[in-house]
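Asker: Here it is, the structure in full.
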Amino acid sequence: MLAENLISPQIEIIPCKVCGDKSSGVHYGVITCEGCKGFFRRSQSSVVNYQCPRNKQCVVDRVNRNRCQYCRLQKCLKLGMSRDGELSTVLLLL
C-alpha cells in the first residue's frame, strides 16, 4: 500500500499514453485515463470486430478518441496494453 501511495501522485502528472487525457494510474500495463481503461476492458471482454471508416490512421486524442474504436484499440495494443498487464502491475506493487 505504501508503494501505491508514492507512485500515484507522480502518475497523475503523466498524461494518458493513449489519448493524452489526465491519467488515473497504470491499467493493463500502460499509464491511462479511466476512459481508455474502460474502453480496453470492454474490448477484451467480448468478441469485437471494429472497423475504421477512414484509412486506419485516425487521430486518437482526448477530443477524438471516441470517433474510431478500431484505431483506438490498435493504439492501445501498440502501446502494450494487455489483460496480463493488470496482473504485472499488481505484482510490481507487492
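The values are calculated or read from the model by the stated rules, or taken from the named source; none is laboratory data. Values in this document were obtained by computation on a predicted structure and should not be read as measured data. Virtual Cβ from ideal backbone geometry, glycine too; neighbours counted across all protein chains shown. The area values use the complete protein model at the heavy-atom level, side chains included, leaving out ligands, DNA and RNA. Shrake-Rupley method; radii C 1.70, N 1.55, O 1.52, S 1.80 Å.
Asker: Under 7 Å by Cβ, and 6 or more places apart or on different chains, what pairs join a residue from the range 22-37 that is on the phi > 0 side of the Ramachandran plot with one that is aromatic (Phe, Trp, Tyr) and crowded, with 18+ Cβ neighbours inside 10 Å?
Answerer: TYR28/PHE40
Asker: Okay, moving on. Going by the structure shown, is SER43 assigned to a helix (DSSP H, G or I) and modelled with pLDDT under 95?
Answerer: In short, no.
Asker: Out of the residues in the range 62-82 meeting the condition of being open to solvent by 50 Å² or more (accessible area, probe 1.4 Å) and touching a residue at least 40 places away in the same chain (Cβ under 8 Å), tell me which one is farthest from ILE14 (Cα to Cα).
Answerer: LYS75
Asker: Same structure, new question: Go over the candidates GLY85, GLY38 one by one and state the one that is at pLDDT below 95 and open to solvent by less than 60 Å² (accessible area, probe 1.4 Å).
Answerer: GLY85
Asker: Of everything in the range 46-61, what is modelled with pLDDT of 95 or more and open to solvent by less than 90 Å² (accessible area, probe 1.4 Å)? Give them in sequence order.
Answerer: TYR50, CYS52, CYS58, VAL60, ASP61
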